[in-house]
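So the structure is just underneath, and the comments pick up after that.
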């Protein structure tokens with residue numbers, strides 16, 4: 001449905017919208033639908049879902065606000081945006097939490113029905129901000145969304161008042177769709193599919209009606225004088241879909257399964273924000289994906305080892321606390337030298353910490369988190385779409401070097417979406433797999449001279465019966481050995497094998513001059529903020545270089561040289577400086593750390609300010 | 001995309017013998033340990049069962065018994081303390097073609113690995129679990145275990161342990177294990193029979209094996225194996241037969257309501273027809289629980305044999321079926337088709353700027 005508008009249309013290159021309400025009211029859905037519609041329209045986009053750990057946090061409270069920020073643009077963008085252009089605030093708490101993000105003269109669409117005395121009190125407002133001068137810096141549009149939604153749905157007599165009111169997120173979404181010229185069809189299809197299950201079908205038509213009514217209301221009323229147009233972005237030609245980081249990992253793992261010819265086995269235990277990986281993989285049974293929801297994180301790691309021993313492409317995923325539980329068994333996987341992939345979608349810690357918020361504080365855990373000398377390759381994803389490439393790469397390295405590999409993602413990448421340029425499946429490299437079958441001269445730990453990988457000899461192969469376990473193994477035969485020199489030799493072999501993975505790492509790309517005053521170095525989910533900051537600084541005439549590394553262990557072999565070519569190196573991390581610590585000790589380079597532990601990604605402004613202080 | 005192990009040599013191989021299952025590793029248990037007897041019996045029994053060594057995987061945890069896989073010339077994993085059932089679940093769920101055994105002890109299975117034991121039984125993965133119960137921690141040199149009787153004096157309980165022991169059979173019943181049996185390291189013929197029964201069962205088979213730790217808990221099960229006492233202290237379970245025991249088969253067990261009672265078959269009050277008749281096919285585990293409770297009752301004989309053997313669908317069978325059904329119903333998409341699932345859009349070669 002599109003309605004021709006006669007009101008003035010203003011063109012914008014870049015808009016940030018934030019939808020905010022109590023958790024459990026459908027704000028994530030509204031935001032996600034807006035993002036999908038914008039993606040299909042051809043904008044570049046980036047999203048930031050931000051929600052509390054509780055499923056239905058107390059209504060009206062500051063801690064209970066669930067919000068979804070979406071930035072869409074006619075240009076190539078890298079972050080969900082520092083400043084909000086349009087805030088949809090359904091109650092005082094939603095307004096209070098989000099207001100500091102709204103730029104001056106930004107649009108605030110408020111649901112007046114949410115501004116009851118009780119809700120104002122819960123949000124610690126002494127006076128109603130809609131009635132005083134506190135919002136004078138913004139364009140405020142006051143709408144009673146509850147009354148409008150109820151009246152739009154009055155013909156649906158089988159709905160209770162409460163049920164009708166629940167469609168207000170769709171009414172609000174309809175208004176925002178009009179404001180930015182988004183077509184409704186995609187969301188109508190989504191509503192029809194989503195509620196098409198027993199007992200829920202009666203909500204299909206009311207939700208569609210609420211969406212359309214919101215659109216018509218925005219068009220018909222005098223409320224908005226202007227609407228806005230954001231043209232499609234000149235993305236690289238190709239076929240695109242919207243993807244979040246967790247889905248990116250899933251796609252990468254399935255691609256690795258197909259390209260290696262190994263069936264994909266996944267064992268996991270539910271944990272925020274990694275559960276989506278288990279959920280999605282469970283839907284790919286028709287791709288011969290076997291998933292097991294285990295009794296705990298330890299069992300998931302154990303089952304992953306069992307399947308790796310049997311010859312599957314074996315994977316588990318979790319977040320910080322769950323990874324901690326897996327570490328003992330992960331050491332066994334290192335000792336047994338079996339290929340498997342462990343994904344860590346990092347969140348704020350320690351302990352339960354901030355389960356739904358992002359952080360990069362498991363780098364130490366990934367690299368050093370086990371017992372004994374237990375090195376393994378660690379690589380990090382930098383964008384939702386990059387999760388695909390990293391998962392694929394992790395599987396390839398695991399198989400080639402017969403080693404467990406850790407993939408570090410984070411909550412921001414895991415839940416955040418962006419357009420993903422779909423690769424040509426035929427152009428992805430095959431992942432060679434060689435199961436050992438030659439009985440003559442077989443030794444379970446006789447290594448490939450190039451990679452130091454041991455043979456992968458599957459149970460079921462006649463003549464290769466052998467035992468492996470956590471006890472130290474004799475170099476070559478793999479039989480139990482307590483020989484002192486042998487232990488030292490094997491310790492070196494395990495370390496050298498992981499070090500050789502560095503030969504797989506392409507030269508580090510330095511954007512900007514390859515030597516000079518300031519290098520911004522990043523890893524993981526800080527990619528977008530760093531890139532946006534560096535581009536803004538360059539546009540302002542400053543000379544700044546940036547580099548982003550995917551490999552954390554081993555580090556790229558050219559990294560030391562690059563770091564030493566700059567007078568100053570700034571390393572923004574969502575932790576207390578974990579990679580900085582490694583780099584300082586490893587290379588004796590005075591890396592300056594920029595830290596943030598607020599459960600949120602860096603804004604590009606924060607990085608820009610830090611760089612300006614160095615210039 | 002199933003994992004196809006390379007084919008075996010085309011010509012028929014000669015039948016295997018005990019020696020074919022002995023690895024070249026020196027067995028390192030204490031001289032006289034009950035583990036030797038169990039190992040030897042397993043090496044003798046597997047050829048009788050007729051399995052191919054290359055299809056067998058023994059997975060153990062940590063503890064004296066968990067060294068077992070090193071001595072079998074099959075595939076094997078000596079894993080992490082308590083986690084063998086988890087590894088076995090992953091292996092069997094991805095490789096249903098393999099013959100998977102778990103070797104564990106009372107500490108490994110019932111303390112650190114208690115959770116995994118419960119869940120493998122619940123799922124009914126087709127794995128045979130040999131639980132060597134010696135009622136003591138041997139490898140860590142003599143602390144009491146979760147099956148040690150109250151009052152056990154050990155290095156960590158110098159004045160006697162104060163926590164009540166687990167009864168492994170009742171744990172298995174509570175977790176709905178579909179096969180539950182008990183054997184003892186001193187009755188090798190019966191042990192061999194129990195190994196065969198466990199193997200023949202489809203689903204999780206828990207075989208508790210009383211095993212003598214001659215260093216830290218010597219003689220714990222002596223009354224159950226000594227000639228002088230064993231016939232009065234043990235009852236061998238036989239499906240469909242009344243529960244009779246005693247040197248002269250002079251005693252029986254009957255049910256008095258829900259309570260089992262030991263009765264005399266010589267004083268004229270009761271005859272064989274009055275006795276409880278064993279039924280392995282005990283869907284709800286009611287009888288199994290009564291039998292398992294004998295060991296907690298004074299003057300009751302210790303049951304050895306198959307306590308329960310019921311049919312339940314195996315986890316990996318359902319998983320395989322689900323995969324096959326999904327492939328059948330939805331077809332196996334190409335990678336490109338998978339990538340392009342859902343909402344996609346095209347960015348043309350020359351976008352309008």
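The values are calculated or read from the model by the stated rules, or taken from the named source; none is laboratory data. No experiment lies behind these values; they were computed from the predicted model shown. As a convention, Cβ positions derive from the backbone with ideal geometry for all residues, glycine included, and neighbour counts pool all protein chains shown.
Worth pointing out:
- Single match in A:446, A:454 (criterion: at pLDDT 95 or above, surrounded by 21 or more Cβ atoms within 10 Å (Cβ to Cβ), away from chain B (no Cβ under 12 Å) and over 30 Å from residue A:236 (Cα atoms)): A:454
- Any chance residue A:95 is assigned by TED's automatic domain parsing to the domain that holds residue A:13, surrounded by fewer than 20 Cβ atoms within 10 Å (Cβ to Cβ) and over 20 Å from residue A:211 (Cβ atoms): no
- Residue in segment A:537-546 that is part of a strand (DSSP E or B), at pLDDT 95 or above and closer than 22 Å to residue A:390 by Cβ present: yes
- Scanning segment B:152-192 for residues that are in contact with a strand residue (DSSP E or B) (Cβ under 8 Å, 6 or more places away or on another chain) and in a helix (DSSP H, G or I) returns B:168, B:169, B:172, B:173, B:190, B:191.
- Segment B:257-353 holds helices (runs of 4 or more DSSP H) entirely within its bounds, and those carrying 2 or more residues that are surrounded by 19 or more Cβ atoms within 10 Å (Cβ to Cβ) and either touching a helix residue (DSSP H, G or I) at 6+ places or on another chain (Cβ under 6 Å) or modelled with pLDDT under 95 (or both) map to B:286-292, B:315-330.
- All conditions but one from (1) within 11 Å of chain B (Cβ to nearest Cβ); (2) modelled with pLDDT of 95 or more apply to residue A:242; the one that does not is (2).
- Residue B:343 within 8 Å of chain A (Cβ to nearest Cβ), without any contact (Cβ under 8 Å) to a residue 12 or more places away in the chain and farther than 30 Å from residue B:196 by Cα: yes
- For segment B:127-145, a tally of residues being away from chain A (no Cβ under 12 Å), modelled with pLDDT of 95 or more and crowded, with 21+ Cβ neighbours inside 10 Å returns 12.
- Residue B:82 vs. criteria more than 7 Å from chain A (Cβ to nearest Cβ) and within 21 Å of residue A:296 (Cα to Cα): yes
- Residue match in segment A:212-224 (condition: facing chain B (nearest Cβ under 10 Å) and over 24 Å from residue A:85 (Cβ atoms)): no
- Filtered residue count, segment A:564-592, keeping only those that are under 23 Å from the mean Cα position of the chain (by Cα) and surrounded by 15 or more Cβ atoms within 10 Å (Cβ to Cβ): 9
- So residue B:107, is it more than 10 Å from every other protein chain (Cβ to nearest Cβ), touching a strand residue (DSSP E or B) at 6+ places or on another chain (Cβ under 6 Å), buried (at least 16 other Cβ atoms within 10 Å of the Cβ) and modelled with pLDDT of 95 or more: yes
- Of residues in segment A:259-280 being facing another protein chain (nearest Cβ under 7 Å) and free of Cβ contacts under 8 Å to residues at least 60 places away in the same chain, the one surrounded by the fewest Cβ atoms within 10 Å (Cβ to Cβ): A:263
- When residue A:293 is tested against (1) more than 14 Å from every other protein chain (Cβ to nearest Cβ); (2) surrounded by fewer than 24 Cβ atoms within 10 Å (Cβ to Cβ); (3) under 24 Å from residue A:53 (Cα atoms), just one condition goes unmet, and that condition is (1).
- A residue that is under 17 Å from the mean Cα position of the chain (by Cα) and away from chain A (no Cβ under 12 Å) can be found somewhere in segment B:52-63.
- If only residues of segment A:467-485 that are in a loop (DSSP other than H, G, I, E, B) and more than 7 Å from every other protein chain (Cβ to nearest Cβ) are counted, the one that is farthest from residue B:51 (Cα to Cα) is A:483.
- Within segment A:418-433, the residues that satisfy the criterion of being touching a helix residue (DSSP H, G or I) at 6+ places or on another chain (Cβ under 8 Å) and facing chain B (nearest Cβ under 10 Å) are A:419, A:420, A:422, A:423, A:424, A:425, A:426, A:428.
- For segment A:434-443, filtering for residues that are more than 14 Å from every other protein chain (Cβ to nearest Cβ) and buried (at least 17 other Cβ atoms within 10 Å of the Cβ) leaves 0.
- Count of segment B:192-211 residues which are crowded, with 23+ Cβ neighbours inside 10 Å and over 27 Å from residue B:286 (Cβ atoms): 1
- For residue A:283, the conditions (1) touching a residue at least 24 places away in the same chain (Cβ under 8 Å); (2) over 13 Å from residue A:391 (Cα atoms); (3) in the same structural domain as residue A:325 (by TED's automatic domain parsing) are fulfilled apart from (1).
- Verdict on residue A:461 being in contact (Cβ under 8 Å) with a residue 12 or more places away in the chain, within 14 Å of chain B (Cβ to nearest Cβ) and in a loop (DSSP other than H, G, I, E, B): yes
- Residues of segment A:297-334 that are within 7 Å of chain B (Cβ to nearest Cβ) and under 17 Å from residue B:61 (Cα atoms): A:298, A:299, A:302, A:303, A:304, A:305, A:306, A:307, A:309, A:328, A:329, A:332.
- Residues that are touching a helix residue (DSSP H, G or I) at 6+ places or on another chain (Cβ under 9 Å), outside any helix (DSSP H, G or I) and in the same structural domain as residue A:17 (by TED's automatic domain parsing) do not occur anywhere in segment A:168-178.
- Considering the conditions (1) assigned to a loop (DSSP other than H, G, I, E, B); (2) in contact with a helix residue (DSSP H, G or I) (Cβ under 7 Å, 6 or more places away or on another chain); (3) without any contact (Cβ under 8 Å) to a residue 40 or more places away in the chain, residue A:601 is excluded by exactly one of them, (3).
- Members of segment A:547-563 that are surrounded by fewer than 16 Cβ atoms within 10 Å (Cβ to Cβ) and not in a helix (DSSP H, G or I): A:557, A:558
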